[in-house]
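Novice: Structure incoming, see below.
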Amino acid sequence: MATAEHDYYELLGVPRDADDAEIKKAFRRLARRLHPDVSEEPDAEARFREISEAYEVLSNAETRQLYDRFGHAGLRSGGFTPTHFDMGSLGDLFAAFFGDDLFGVGARGGRARGADVAAEVAIELVDAARGTKVTVPFETAVSCATCGGDGVKPGTQPIQCDRCGGSGRLQQVSRSLFGEFIRTSACPQCGGRGQVIEHPCETCNGAGRTLEARKLDVDIPAGIHDGQRIRISGEGHAGALGGRAGDAYVLIRVRPDERFVREGNDIFSQVDLTIVEAALGATVGVETLDGSVELTFDPGTQPGDVRVLRGKGMPVLQGFGRGDQRVLVNVTVPRRLTDEQRRLLEEFDRASDADTYRRDEGFFDKLKSAFR
Ligand SMILES: [Zn+2]
Ligand SMILES: [Zn+2]
């Protein structure tokens with residue numbers, strides 16, 4: 001017994017006066033982590049055997065008392081030998097002793113929950129801003145309409161399984177760290193149903209489920225972000241033999257809108273003013289998520305100026321209010337001039353001086369106002 005000298009309380013991480021419930025809880029927590037089926041750690045099996053041995057000793061009043069008074073030597077002289085158990089049976093043991101399914105084995109007795117289904121839809125940014133409803137096609141397994149889900153051809157009866165005598169379960173007695181233990185497992189011949197179908201339903205070939213193309217109306221809340229998923233519970237594949245249906249997951253993609261850049265709940269956009277509009281001031285149409293609005297720009301508007309439209313951004317998902325829209329001013333400079341235009345600009349330049357281009361607001365003040 002290579003692990004004999006490790007302190008059992010330390011192995012389980014419980015104080016010496018821990019009660020049965022604490023010991024059980026500690027073992028369960030460690031077992032979950034260290035079972036070789038789930039642990040990546042190289043020494044998981046050895047450590048799992050150690051904690052199992054610790055649990056075996058401490059969960060029994062007699063062996064615990066012996067250990068508390070005389071340590072490992074006391075156990076040996078008392079004739080204790082740890083159980084050599086089969087690792088594979090641990091899932092069943094846990095189901096029996098802790099009333100749950102430790103490793104997610106699931107589906108005991110064949111009442112399996114249906115699988116989840118997933119689909120993806122792409123929506124426009126403006127629809128993401130308003131919230132929208134989409135119809136999503138799914139192919140899901142549904143309970144067979146011909147046989148009602150039991151897989152039996154209508155008018156015929158299934159016969160009792162001769163292997164398990166109709167109970168659906170097979171029992172087997174084995175020795176384990178918990179003492180003598182009766183293992184129950186689903187009967188492989190009938191899959192836990194207790195009955196064998198002689199005449200399977202012709203529609204579903206006895207599976208009890210058929211694939212059906214369905215359409216689900218999905219409400220997409222305002223403010224949803226690209227990459228978020230919506231879960232519609234109970235709309236996945238039908239479960240086997242009356243098991244619960246799985247869920248449907250819809251992955252939402254929000255298509256990029258070339259007019260806007262989204263950052264969180266804020267929207268950035270750009271407006272082009274000609275040099276004349278920027279210099280003289282102008283009222284121009286600016287695109288927002290709610291449509292075009294007229295914005296008036298003062299004379300002397302500069303490239304890089306930012307106009308903040310409060311509350312014109314994206315709605316806060318499942319919250320209140322909306323982000324802002326920040327409109328960045330771009331000033332377009334003529335690329336081709338006629339002789340007349342060139343003459344006018346030259347004349348304008350001759351009439352200009354340093355005051356014409358004087359800055360009112362400091363550059364850094366403007367930066368600050370842009371990122372406020
Ligand atoms: Zn059927
Ligand atoms: Zn059977």
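The values are calculated or read from the model by the stated rules, or taken from the named source; none is laboratory data. In this text the structure is predicted, and so the values were computed from the model without any measurement. For neighbour counting, all protein chains shown are included, and Cβ atoms are generated from backbone atoms with ideal geometry for every residue, glycine included. Areas reflect the complete protein model, heavy atoms only, side chains present, ligands, DNA and RNA absent. Shrake-Rupley method; radii C 1.70, N 1.55, O 1.52, S 1.80 Å.
Novice: I'd like the carbon and sulfur percentage of the solvent accessible area for segment 133-235, probe radius 1.4 Å, heavy atoms only, ligands and nucleic acids excluded. Present the calculation step by step, with values, prior to reporting the outcome.
Specialist: On the way: 2590 of 6160 Å².
Taking all protein chains in place, segment 133-235 shows 42 percent carbon and sulfur surface.
Novice: Could you report segment 190-348's accessible area per residue, 1.4 Å probe, as an integer in Å²?
Specialist: Values: 9380 Å² over 159 residues.
On a per-residue basis, 59 Å².
Novice: Whole number in Å², please: accessible area per residue of segment 25-65, 1.4 Å probe, ligands, DNA and RNA not counted. Working shown, then result.
Specialist: Working: 2240 Å² over 41 residues.
For segment 25-65, the solvent-accessible area averages 55 Å² per residue.
Novice: Let me ask you something else. Enter the accessible area of Glu294 (Å², nearest 10), with the probe set to 1.4 Å and all protein chains included.
Specialist: Its heavy atoms expose roughly 130 Å² to the probe.
Novice: At 1.4 Å probe size, what's the solvent-accessible area of Cys164? Round to the nearest 10 Å².
Specialist: 20
Novice: Give a quick list of GluC sites (Glu not before Pro) in segment 208-292 that DSSP marks as loop, anything other than H, G, I, E or B, with at most 14 other Cβ atoms within 10 Å. Each step should come with its number before you reach the end.
Specialist: Numbers: sites: Glu212, Glu235, Glu258, Glu263, Glu277, Glu287; in loops: Glu235, Glu258.
Passing sites in segment 208-292 are Glu258.
Novice: Using each residue's phi in segment 251-257, evaluate 6.51 cos²θ - 1.76 cosθ + 1.60 at θ = phi - 60° and report the 3J(HN,Hα) Karplus result to the nearest Hz, with x for Gly and Pro.
Specialist: With the stated coefficients, segment 251-257 comes to 7, 9, 9, 9, 5, x, 10 Hz.
Novice: Dimensions of segment 258-298 along principal axes (Cα, Å, largest first)?
Specialist: The principal-axis extents, from largest down, are 34, 17, 16 Å.
Novice: Provide the solvent-accessible area of Thr356, counting protein heavy atoms only and rolling a 1.4 Å probe, rounded to the nearest 10 Å².
Specialist: Number for this one is 70 Å².
Novice: Got a sec to turn the phi values of segment 338-344 into Karplus ³J(HN,Hα) couplings, 6.51 cos²θ - 1.76 cosθ + 1.60 with θ = phi - 60°, whole Hz, x for Gly and Pro?
Specialist: 7, 4, 5, 5, 4, 4, 5
Novice: Give me the log10 of I(q) over I(0) for segment 230-345 at q = 0.14, 0.21 Å⁻¹, as the Debye formula computes it from C-alpha points; what are the numbers?
Specialist: -0.73, -1.13
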